[in-house]
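Take a look at the structure set out below.
The values are calculated or read from the model by the stated rules, or taken from the named source; none is laboratory data. If you're wondering where the values come from, they're calculated on a predicted model, not measured in any experiment. In this analysis, Cβ positions are derived from the backbone assuming ideal geometry, glycine residues included, and neighbour counts consider all displayed protein chains. In case anyone asks, the SASA skips ligands and DNA or RNA and just uses the protein heavy atoms, side chains included. Shrake-Rupley method; radii C 1.70, N 1.55, O 1.52, S 1.80 Å.
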Amino acid sequence: MNLQTETGQFEPPKTETAWSRIKKALGPIAVVGIFIAKFLAKLKFVLPILLKSGGTMLLMIWVYTQLWGWPFALGFVVLLLVHETGHLLVAKKFGLKVGAPVFIPFMGAFIALKETPRNAWMEACVGIGGPMLGSLGALVCHAFGEAMGAPLFIALGWFGYFLNLFNLTPVGMLDGGRIVTALSRWLWLPGFALLIWFGWKYPNFIVWLIILLSLPRIYSLFRKRTEEEERYFEVTPSHRWTMSILYFGLIAVLIFGMHVAQQDLTKHGVRAHGHGQDTLVQ
């Protein structure tokens, strides 16, 4: 029998070097880093926008912190960002060029469309994108606050519902004014009347500014449309029905959400219209 031994078969195990230990330690970190990089790549157009908007966001957070404290101020501005991101996502879907969101204390936030939508359907879709995502953000705050017993988040949810509902007013350059271009431009009239009533009952400079900026669109209802305008406002019946369901359905959901959030706040002892104990800041 020919017995042979393999060289190196009984060699002692190699000593682990410092470099190999470092590589083993960094392995999981590298995996997480790759995952994050892939995720950020999907948001490649959102990140530059966040960086560009960061200054105005910080300014708004600082201003509102003086009034409500930083937790509510931060949550409020984040909800505004979520709303504007809804517009951005839909505009990008249609291939429209848009600017970064700009945040102005006591006025809210807005994005600038660098090119005009090609038709009323496209304008309506971009318009409703913000309230839909913004309403979802408010719902998340509300649900989290109720699950954790945190009235601060429930209050943020209520404010989120209200702001998105206000933006659905069918007038001027508000989201609702853009959305109803796919339904009927004559809805601008009841929206204009509603905004005047709101400004009269709750005097506010911003509301009256919106009323003034809405006048050109109200005037356009009573002049003859050009051939180009006629083509712009042409919407198929299926698109009109789809937008009607989305628009009026979202209004109903937001009103219901405000009602439920108000009841939840009352259960937590947060005052409503000057009644009850205010535990929001505790």
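Answer with yes or no whether residue 80 is part of a helix (DSSP H, G or I), in contact with a strand residue (DSSP E or B) (Cβ under 6 Å, 6 or more places away or on another chain) and touching a residue at least 40 places away in the same chain (Cβ under 8 Å). When the stated conditions are applied, residue 80 passes them.
Would a scan of region 142-161 turn up a residue that is buried (at least 20 other Cβ atoms within 10 Å of the Cβ), hydroxyl-bearing (Ser, Thr, Tyr), free of Cβ contacts under 8 Å to residues at least 60 places away in the same chain and under 19 Å from residue 80 (Cβ atoms)? No. Of all residues in region 187-206, those being within 22 Å of residue 113 (Cα to Cα) and surrounded by 14 or more Cβ atoms within 10 Å (Cβ to Cβ) number 1.
Note on region 107-139: among residues that are of a type outside the set (Lys, Arg) and free of Cβ contacts under 8 Å to residues at least 24 places away in the same chain, the one that is most open to solvent (accessible area, probe 1.4 Å) is 116. Among 160, 130, 145, 137, which is within 30 Å of residue 234 (Cβ to Cβ), assigned to a helix (DSSP H, G or I) and modelled with pLDDT of 90 or more? Answer to the check: 130. Mind checking whether some residue in region 165-186 is out of contact with any Asp or Glu (no Cβ under 8 Å at 6 or more places or on another chain), surrounded by 17 or more Cβ atoms within 10 Å (Cβ to Cβ) and free of Cβ contacts under 8 Å to residues at least 12 places away in the same chain? Scanning region 165-186, I find at least one residue that is out of contact with any Asp or Glu (no Cβ under 8 Å at 6 or more places or on another chain), surrounded by 17 or more Cβ atoms within 10 Å (Cβ to Cβ) and free of Cβ contacts under 8 Å to residues at least 12 places away in the same chain, so the answer is yes.
Do we find that residue 103 is among the aromatic types (Phe, Trp, Tyr), modelled with pLDDT under 90 and either surrounded by 20 or more Cβ atoms within 10 Å (Cβ to Cβ) or closer than 20 Å to residue 245 by Cα (or both) in this structure? The answer is yes for residue 103.
The number of residues in region 221-244 that are without any contact (Cβ under 8 Å) to a residue 12 or more places away in the chain and not in a loop (DSSP other than H, G, I, E, B) comes to 8. The set of residues in region 83-100 that are outside any helix (DSSP H, G or I), open to solvent by 40 Å² or more (accessible area, probe 1.4 Å) and of a type in the set (A, V, I, L, M, F, W, C) contains only 94. For region 59-95, the set of residues classified as among the aliphatic types (A, V, I, L, M) and farther than 20 Å from residue 250 by Cβ consists of 59, 60, 61, 63, 67, 73, 74, 77, 78, listed by residue number.
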